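Everything below concerns the one structure shown next.
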Amino acid sequence: MARSLLKHGAGIKGIARSGSTVRILLVDDENEGRSFLAGYFALLGADVTQCASSEEALRVFDEGRFDLVISDVMMGGLSGLDLTVALNTSGRRPLPAIILYSGSVDTALPEAAARAGAYAYLSKPINFGLLRSLLTEIGQSMLSPRRA
């Protein structure tokens, strides 16, 4: 299984802004799910920093550079939506792409995620084929010249 995951790592490499290792900030208050996703991204060759809350993620974000932020929406304290708005209004440039996910059946969440400034929204359980496609898309958009 690790071999099949590793062959998809090419899509994630285009996301890195400096150096060859993609730096991901992963935010989820559920340790088991967060650890599983961290393991998945580690297999793809990413350097993953895990946070158990949006508040912790904001502190960690201020201390480092990240290429991608992936966050659960529903957490105690600040939600993933709140985190997305805070990152987008932080003044830091360039901003990392932000992917939000949730197990909620609230059909308004994808639109709320877009309004908050997220690149994409995924439903749990996460479809890893779709996630890989998103990572490739993000990588390609970062390599393409920006249009004014």
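Laboratory data are not the source of any read-out in this text; all were calculated from the coordinates shown. Not measured: the values here are computed from a predicted model. Cβ: placed from backbone, ideal geometry, glycine included. Neighbour counts: every protein chain shown.
Taking all Cα pairs closer than 8 Å and separated by 6 or more residues, the relative contact order of segment 2-143 comes to 26 percent. Take the convex hull of the alpha carbons in segment 54-94; its mean projected area over all directions comes to 2.7 nm². Each residue of segment 23-36 was assigned a 3J(HN,Hα) from its phi angle through the Karplus curve 6.51 cos²θ - 1.76 cosθ + 1.60 (θ = phi - 60°); the sequence is 9, 10, 9, 10, 10, 6, 7, 9, 4, 4, x, 5, 5, 4 Hz, with glycine and proline shown as x. Both radii are taken from the alpha-carbon atoms of segment 2-143; with Rh as the Kirkwood radius, Rg/Rh is 0.93. Exposure proxy ranking for VAL73, VAL48, VAL60, based on other Cβ atoms within 10 angstrom of each Cβ and starting from the fewest, stands as VAL60, VAL48, VAL73.
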